[in-house]
1. Determine if segment 41-53 includes at least one residue that is exposed (fewer than 15 other Cβ atoms within 10 Å of the Cβ), touching a helix residue (DSSP H, G or I) at 6+ places or on another chain (Cβ under 9 Å) and either within 25 Å of residue 153 (Cα to Cα) or modelled with pLDDT of 80 or more (or both).
2. Could you list all residues from segment 160-179 that are surrounded by 20 or more Cβ atoms within 10 Å (Cβ to Cβ) and either free of Cβ contacts under 8 Å to residues at least 60 places away in the same chain or not in a helix (DSSP H, G or I) (or both)?
3. Which number in (1) buried (at least 17 other Cβ atoms within 10 Å of the Cβ); (2) at pLDDT 90 or above marks the one condition that residue 96 misses?
4. Check 66, 78, 102 and return the single one that is assigned to a helix (DSSP H, G or I) and more than 18 Å from residue 164 (Cα to Cα).
5. Residues being in a helix (DSSP H, G or I) and surrounded by 15 or more Cβ atoms within 10 Å (Cβ to Cβ): count how many of those fall in segment 180-193.
């Protein structure tokens, strides 16, 4: 945990976003090239469904380890900030660390649920759809299953959006409160809030503050356990 708080901003960016995103684009590029060549060689609709299913499976296997690396560094850093930096903030800006940690855990869980539902809908779902023929009963059942999965995917996406806003709001107030040790104005937190929301950019501005707080303590003092009093 402390390793993430002591790391430089470029190191967090590299392992949370830079390397995973770059390799994901490479995997997607090779995947789509193979997909279109297979479609050209197998124009039959049933064959295309099999090709699509195979494409989604390969992409999922290729991207999953990269997404896992990104999630470990990204959400591990948020968890470390919540556990180590948030307690340094004055009482007025100190969040419920257990609730914030639970929110981070739910974001991770919902992200993987959403990815699983999406992968199933676009791989197995398409293959099953094209193999149904004109059986209206089976088609109706499959449509109901697809609708349930779509609503589940929509729910997890909206839940993640709300949880991300909540975590960003709480941590932005905590970090700035720990840094400034005074009552915060709106302009003190609006920038850090968007930095947490768009962390791939914001990490360059937030991590130096986190480094200083981790090294020097709240307000620049050298005692992490000192009494925190608002000015």
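The values are calculated or read from the model by the stated rules, or taken from the named source; none is laboratory data. Everything numeric in this text was worked out from a predicted model, so none of it was measured. Positions of Cβ are backbone-derived with ideal geometry, glycine not excepted, and every protein chain shown enters the neighbour counts.
1. No, because not a single residue in segment 41-53 is exposed (fewer than 15 other Cβ atoms within 10 Å of the Cβ), touching a helix residue (DSSP H, G or I) at 6+ places or on another chain (Cβ under 9 Å) and either within 25 Å of residue 153 (Cα to Cα) or modelled with pLDDT of 80 or more (or both).
2. 168, 172, 179
3. In the conditions (1) buried (at least 17 other Cβ atoms within 10 Å of the Cβ); (2) at pLDDT 90 or above, residue 96 misses (1) alone.
4. Within the list 66, 78, 102, the selection yields 66.
5. Counting residues in segment 180-193 that are in a helix (DSSP H, G or I) and surrounded by 15 or more Cβ atoms within 10 Å (Cβ to Cβ) gives 5.
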